[in-house]
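Worksheet: the structure to be examined is printed underneath.
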């Protein structure tokens, strides 16, 4: 038995303390299991938080399409047709007098045809060019008799 003024040890061999020993032992096991579970929970939370920081950065998208800005500096209506040399659908834009437009195309080689509307073979022009993805191009339509005073650069 414990002396007066002192605390009984957690594990005592005295017959009256067996129940107390069993309860104390059960509580200690519960605390130990609780600590292990708490440790596992914090470890898992830490690993999840760290894995969120360790994920690879998103891959930026590939280069943007080529942009072609066409400016009609004449008093004529023009039709501009872009045809991919590698094959594919042509893209045709009609620009009224003194108008502007932007055309977005996949980078690559193109056959370009420009002609006034209605068609005039003397003013038609055909050529090839390469439009690089991610680049912006500006193209001014003009004739020798064009008056630039009416168009904005």
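The values are calculated or read from the model by the stated rules, or taken from the named source; none is laboratory data. Since this is a predicted model, take the numbers as computed values, not measurements. When we count neighbours, we look across all protein chains shown, and the Cβ atoms used for this are built from the backbone with ideal geometry, even at glycine.
Numerical summary
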| quantity | calculated |
| --- | --- |
| The one condition in (1) modelled with pLDDT under 90; (2) not in a helix (DSSP H, G or I) that residue 115 fails to fulfil | (1) |
| Failed condition for residue 95, given (1) surrounded by 12 or more Cβ atoms within 10 Å (Cβ to Cβ); (2) modelled with pLDDT of 90 or more; (3) under 12 Å from residue 68 (Cα atoms); (4) in contact with a strand residue (DSSP E or B) (Cβ under 6 Å, 6 or more places away or on another chain) | (3) |
| Odd one out for residue 146 among (1) within 18 Å of residue 68 (Cβ to Cβ); (2) surrounded by 13 or more Cβ atoms within 10 Å (Cβ to Cβ); (3) modelled with pLDDT under 90 | (1) |
| Test: residue in the range 71-78 that is assigned to a strand (DSSP E or B) and more than 20 Å from residue 142 (Cα to Cα) | no |
